[in-house]
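A.B. asks: Quick one: structure below, then a few questions.
The values are calculated or read from the model by the stated rules, or taken from the named source; none is laboratory data. Worth saying up front: this structure is predicted, and the values here are computed from it rather than measured. Every residue, glycine as well, gets a Cβ built from its backbone with ideal geometry; the counts of neighbours run over all protein chains shown.
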Amino acid sequence: MNKTETLVRFSDDERLARLRLIRTDGIGPVLFRQLIHRFGDAVTAVEQAPDLAASSGRRKPLRIAGADDCARELEAAGRLGALAFFWGESAYPYRLAATEDAPVVLYALGNTELLSPSSALGIVGARNASASGIKLTGMLAGKVAEAGTVIVSGLARGIDAAAHKAAPKATIACVAGGLDIIYPRENTALYHALKADGLIVSEMSPGTQPQARHFPRRNRIISGLSDGVLIVEAALRSGSLITARYALEQGRDVFAVPGSPLDPRSQGANKLLKDGAILVENADDILNELSVWCRGKGPMPQSNFDFSSPPATIKPAREQPAPAGDEATLLSLLSPSAVHIDEVIRLSGMPTEVVLSGFLELELAGKITRHAGGKVSLS
């Protein structure tokens with residue numbers, strides 16, 4: 001970070017308020033950002049969002065998550081030895097911060113210096129990986145890590161585990177449950193190795209058991225922490241391809257290892273290659289592309305942050321509520337099929353700020369649903 005830049009760490013009250021907002025049913029990362037933009041800070045949003053939701057036509061009251069419950073969550077993370085990184089603070093990993101739906105809070109257990117490396121590569125693939133796929137993954141991950149690139153994966157069996165084992169001191173494991181929940185159990189030894197020498201991260205509260213709906217959310221963190229994502233052995237309908245889709249939406253490179261068309265585990269990676277993914281046969285295929293990609297970004301800020309420095313908050317410009325007629329117009333342009341917000345702005349002819357303000361109120365009212373890639377639909 002440039003010495004002239006201001007280091008930001010929120011006050012304890014602001015941190016607690018941000019956690020209360022994101023733990024509230026119906027509020028996700030995108031709506032959270034809109035609320036911060038509207039009200040300027042989370043403390044104010046916690047106080048005023050329920051009234052805004054009611055005035056927007058929400059049938060059920062918006063019940064903000066309890067302060068005591070969220071305080072206990074932060075205390076539980078502290079007892080584990082984990083640090084809480086809040087979106088908007090200087091210490092938050094800058095790659096992830098730039099994504100559309102970055103987690104509001106990211107818990108990290110282990111070597112947090114891995115969060116802001118010069119380059120990072122996500123590696124994901126089949127859980128029922130072949131012996132050759134596991135061997136190749138270990139070779140690629142090891143050589144890429146030796147070159148100074150941090151490996152990011154999901155601590156799943158198969159390809160993920162092979163990537164972590166190849167460089168346990170240079171890998172980040174993104175888990176779908178709480179940091180204290182080891183899943184799958186067969187990776188218990190690997191979990192403890194990464195806890196000691198690598199890094200484990202999660203946006204979920206400690207004690208949360210992983211559920212099916214948590215894994216796609218976990219996948220966006222894998223790609224968000226990376227400069228590019230490598231797919232090794234993935235079926236056509238798999239979580240690995242979800243990670244690749246997130247990577248593309250986040251502007252990351254997608255790499256893929258080709259495989260036999262007779263092996264279902266290779267069909268997903270082969271499709272990515274047909275669609276323009278970068279073909280990988282050896283580590284240099286990855287390192288050369290990452291070198292070009294990272295040079296093109298220019299100098300990146302460092303993650304070092306002195307937590308003893310005075311707390312600060314960010315005060316964005318406040319939006320004006322959208323007139324009721326504008327909200328009716330926005331609803332008329334939507335359907336159950338998702339459409340990009342930019343298309344709605346173009347068709348409505350309204351200023352961007354008015355459309356975004358209208359969507360905030362419509363989402364609080366439960367009338368619209370947000371989707372990945374900046375899309376919305378009628379609920």
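A.B. asks: Quickly run through segment 248-279 and pick out the residues that are under 17 Å from Ile222 (Cβ atoms) and basic (Lys, Arg).
C.D. replies: Across segment 248-279, the qualifying residue is only Arg252.
A.B. asks: Still on this structure: Kindly provide the set of residues from segment 333-378 that are of a type in the set (Gly, Ala, Ser) and closer than 23 Å to Leu62 by Cα, ordered by number.
C.D. replies: Ser357, Gly358, Ala365, Gly366, Ser377
A.B. asks: From the list Gly349, Gly374, Gly268, which residue is modelled with pLDDT of 90 or more, of a type in the set (Gly, Ala, Ser) and on the phi > 0 side of the Ramachandran plot?
C.D. replies: Within the list Gly349, Gly374, Gly268, the selection yields Gly349.
A.B. asks: Taking the options Leu273, Leu262, name whichever one is more than 24 Å from the chain's Cα centre (by Cα) and at pLDDT 95 or above.
C.D. replies: On inspection, the qualifying residue turns out to be Leu273.
A.B. asks: For segment 174-187, does any single residue satisfy the condition of being among the β-branched types (Val, Ile, Thr), buried (at least 21 other Cβ atoms within 10 Å of the Cβ), touching a helix residue (DSSP H, G or I) at 6+ places or on another chain (Cβ under 6 Å) and at pLDDT 95 or above?
C.D. replies: no
A.B. asks: I've got another one for you. Among the residues of segment 43-54, is there at least one that is buried (at least 22 other Cβ atoms within 10 Å of the Cβ), at pLDDT below 95 and of a type in the set (A, V, I, L, M)?
C.D. replies: yes
A.B. asks: If you go through segment 215-272 one residue at a time, how many are of a type in the set (Phe, Trp, Tyr) and surrounded by fewer than 21 Cβ atoms within 10 Å (Cβ to Cβ)?
C.D. replies: 1
Let's see how each residue does on (1) on the phi < 0 side of the Ramachandran plot; (2) part of a helix (DSSP H, G or I); (3) in contact (Cβ under 8 Å) with a residue 24 or more places away in the chain; (4) assigned by TED's automatic domain parsing to the domain that holds Gly373:
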position: Phe85; (1), (2), (3), (4): yes, no, yes, no
position: Gly88; (1), (2), (3), (4): no, no, yes, no
position: Leu96; (1), (2), (3), (4): yes, yes, yes, no
position: Pro103; (1), (2), (3), (4): yes, no, yes, no
position: Gly122; (1), (2), (3), (4): yes, no, yes, no
position: Ala129; (1), (2), (3), (4): yes, no, yes, no
position: Ile134; (1), (2), (3), (4): yes, yes, yes, no
position: Thr137; (1), (2), (3), (4): yes, yes, yes, no
position: Leu140; (1), (2), (3), (4): yes, yes, yes, no
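Residues checked against (1) in a helix (DSSP H, G or I); (2) in contact with a Leu (Cβ under 6 Å, 6 or more places away or on another chain); (3) farther than 21 Å from Thr369 by Cα:
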| site | (1), (2), (3) |
| --- | --- |
| Arg18 | yes, no, yes |
| Gly26 | no, no, no |
| Glu47 | yes, no, yes |
| Ala53 | yes, yes, no |
| Lys60 | no, no, no |
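A.B. asks: I need the full set of residues from segment 55-77 which are over 30 Å from Glu327 (Cα atoms) and of a type in the set (Gly, Ala, Ser), in order please.
C.D. replies: If the condition is that a residue be over 30 Å from Glu327 (Cα atoms) and of a type in the set (Gly, Ala, Ser), then Gly66, Ala67, Ala71, Ala76, Ala77 are the ones that fit.
A.B. asks: Would you mention how many residues in segment 157-208 are within 25 Å of Glu73 (Cα to Cα) and of a type in the set (Gly, Ala, Ser)?
C.D. replies: Total satisfying the criteria: 10.
Residue by residue, here is whether (1) closer than 26 Å to Pro29 by Cβ; (2) free of Cβ contacts under 8 Å to residues at least 40 places away in the same chain; (3) not in a helix (DSSP H, G or I) holds:
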| position | (1), (2), (3) |
| --- | --- |
| Arg157 | no, yes, yes |
| Lys165 | no, yes, no |
| Ile172 | yes, no, yes |
| Glu186 | no, yes, no |
| Ala193 | no, yes, no |
| Gln209 | yes, yes, yes |
| Ala212 | yes, yes, yes |
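A.B. asks: Let me ask another. Within segment 155-165, can one find any residue that is farther than 18 Å from Ala234 by Cα and crowded, with 24+ Cβ neighbours inside 10 Å?
C.D. replies: no
A.B. asks: I would also like to ask the following. So if I check each of Ser223, Ser205, which one is of a type in the set (Ser, Thr, Tyr) and within 16 Å of Val105 (Cβ to Cβ)?
C.D. replies: Among Ser223, Ser205, only Ser205 is of a type in the set (Ser, Thr, Tyr) and within 16 Å of Val105 (Cβ to Cβ).
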